[in-house]
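To keep things clear, I will list the structure first and then write my remarks on it.
The values are calculated or read from the model by the stated rules, or taken from the named source; none is laboratory data. Here the structure is a predicted model, which is why all the values come from computation and not from measurement. For the accessible areas, the whole protein counts, side chains as well, though only heavy atoms, and no ligand, DNA or RNA atoms are used. Shrake-Rupley method; radii C 1.70, N 1.55, O 1.52, S 1.80 Å.
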Amino acid sequence: MTDPAPAPLDLTEPPAPSRPPLDDPLFGAVTVTVETHTRVTVSGPGLPRTVLIRVPGDDAPDAHIGIGTRDAAALALTVDGVPAGIAPGRGRLRRSTYKVDATHAGTRYRLVPASLGTSAFLRDSTVLGEFTADGDATVLVEWREDAAPRPADASVGYALAAAYGTGGQPMWMTLVDVVTELIP
């Protein structure tokens, strides 16, 4: 018996956002639309349209992740209609395991927690700035003055931050939380 053909990805325009566009200090108006556990779309007059989709499947979405999964096989990322790669970390005890890697047109991106509330965004090992997002369509960025981010960089960064949120506890804080949960 052969496996059924996968369902085609729905790349049509998402519903109109219910909030005004974000104001990026370098790229102007940025619209971030989050369809919880399904799709994240980033667009703007100065940005390529970036879409991250959770491919329909049998697995229940992870309620703690905006896009619903850290399984790269269950995700599809496009930048300006061109397929891109995505590889979320496993998200375990250490803060660094919450990183999310993406590749587009030969460029490597990484969003990795830098503090409790922020994540550093890198292009090919160069820190471009820090994103702050709480898992909804409100995503803030502080670009480094010397980094010269490009429109595709910004679009990918906004998509990853909206899909996975930002920040993370250091391992020692996580361990303290686990121990205090065990104490009656």
Completion exercise
Taking 0.36 nm per residue of separation between residue 74 and residue 126 and subtracting their Cα-Cα distance, the length gained on full extension comes to 15.9 nm
Completion exercise
Mean accessible area per residue over the range 45-167 (1.4 angstrom probe, all protein chains present, square angstrom) is 47 Å²
Problem - Rounded accessible area of residue 54 (nearest 10 Å², 1.4 Å probe) - result: 40 Å²
Exercise for the section: Return the carbon/sulfur percentage of the accessible area of the range 100-151, one whole number, probe 1.4 Å, all protein chains in place. Expected result: 48 percent
